Structure formats: structure tokens, C-alpha cells
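The values are calculated or read from the model by the stated rules, or taken from the named source; none is laboratory data. Remember, predicted model here, so these are calculated numbers, not experimental data. Virtual Cβ from ideal backbone geometry, glycine too; neighbours counted across all protein chains shown. In case anyone asks, the SASA skips ligands and DNA or RNA and just uses the protein heavy atoms, side chains included. Shrake-Rupley method; radii C 1.70, N 1.55, O 1.52, S 1.80 Å.
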Amino acid sequence: MVLVCEAVQALSRRGIPATVNAIAHEIGIDQSGASRLIKSATSAGNLAMAEAPADGRRREASLTPAGRSMLDQAHRWQEDVFAQLTEGWSDTRRHDFQQAMTDLMDRSYAIDV
């Protein structure tokens, strides 16, 4: 569930409509697999599906307040694990590593494999 919600958030932050196909591409799975994940996250109350503003034939996913809360909790857990893994690192080393990983992720969006 976290995976599909992360995908919706990442697409939204980049200004890309969170359609089933876009989510599938973001996660790296086929459309039917993404559709099942979206249905599960929607049933759990973490995502909402609505008609796309520009094209009523398409549907777009968005995070619900429960989905945002779930992601906030997941991110806090990730930060706690990162702190444990980098225990003993200087603040500079920790920051440089985080920045390098962020840069790699940002660059990966430009690559269309």
C-alpha cells in the first residue's frame, strides 16, 4: 500500500497526473498489477479516484488524508532507520549522502528506460 501511495505522491509532486498507467510506469509493473494495488489502496481509504479534469474518460488517483497520514508515518520510520544506519556519521556526511541519493533519484526521472 505504501508503494502505490508513494508513487501517487511522487507523480503529483512532478506535476504528472496519477493515472493507472502513470502509476504502473512509476512502480515498474504492468497496468493490471497497478490497478489491483490502486483498488486495494482505495478500499483501505488511502487513495481516492476521480475523473481527470482535462479528460473525463480518464481517472486519476490522489492521496486522502488517511493516505497522507500513512505516508507521514512511513517516512518517520524511514528516517528512524536512516538515523540508526548512519549512527556515528557526521552531520555533513549524512547530509552529503542524502543529497547524493536525492540527486540520483531526480536524475532517474529524466531517464526513460
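So here's what we get for this one:
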quantity: Cubic angstrom per residue, convex hull over Cα atoms of the chain; calculated: 120 Å³
quantity: Gaussian network model of the chain, springs between alpha carbon atoms under 10 Å - residue of Met101, Met49, Met70 with greatest fluctuation; calculated: Met101
quantity: Overall form of region 61-113 per C-alpha gyration tensor (a/c, 1.5; a/b vs b/c); calculated: oblate
quantity: Principal axes of region 2-61: Cα extent on each, largest first, Å; calculated: 26, 22, 20
quantity: Fraction of accessible area attributable to carbon and sulfur, the chain (%, probe 1.4 Å); calculated: 53 percent
quantity: In Hz, Karplus ³J(HN,Hα) per residue of region 16-27 (6.51, -1.76, 1.60; θ = phi - 60°; x = Gly, Pro); calculated: 9, x, 8, 7, 4, 5, 5, 5, 4, 5, 4, 7
quantity: Label point distance in nm, Asp91-Glu79, each placed 7 Å from Cα along Cα→Cβ; calculated: 1.5 nm
quantity: At most 16 other Cβ within 10 Å, DSSP loop - GluC sites (Glu not before Pro), region 32-113; calculated: Glu87
quantity: Helix-only mean residue ellipticity at 222 nm for the chain, each DSSP H run of n ≥ 4 adding -39500 (n - 2.57), per residue, nearest 500; calculated: -20500 deg cm²/dmol
quantity: Accessible surface, region 18-110, averaged per residue in Å² (probe 1.4 Å); calculated: 69 Å²
quantity: Neighbourhood net charge (12 Å Cβ-Cβ; Lys/Arg +1, Asp/Glu -1) for Met49; calculated: +1
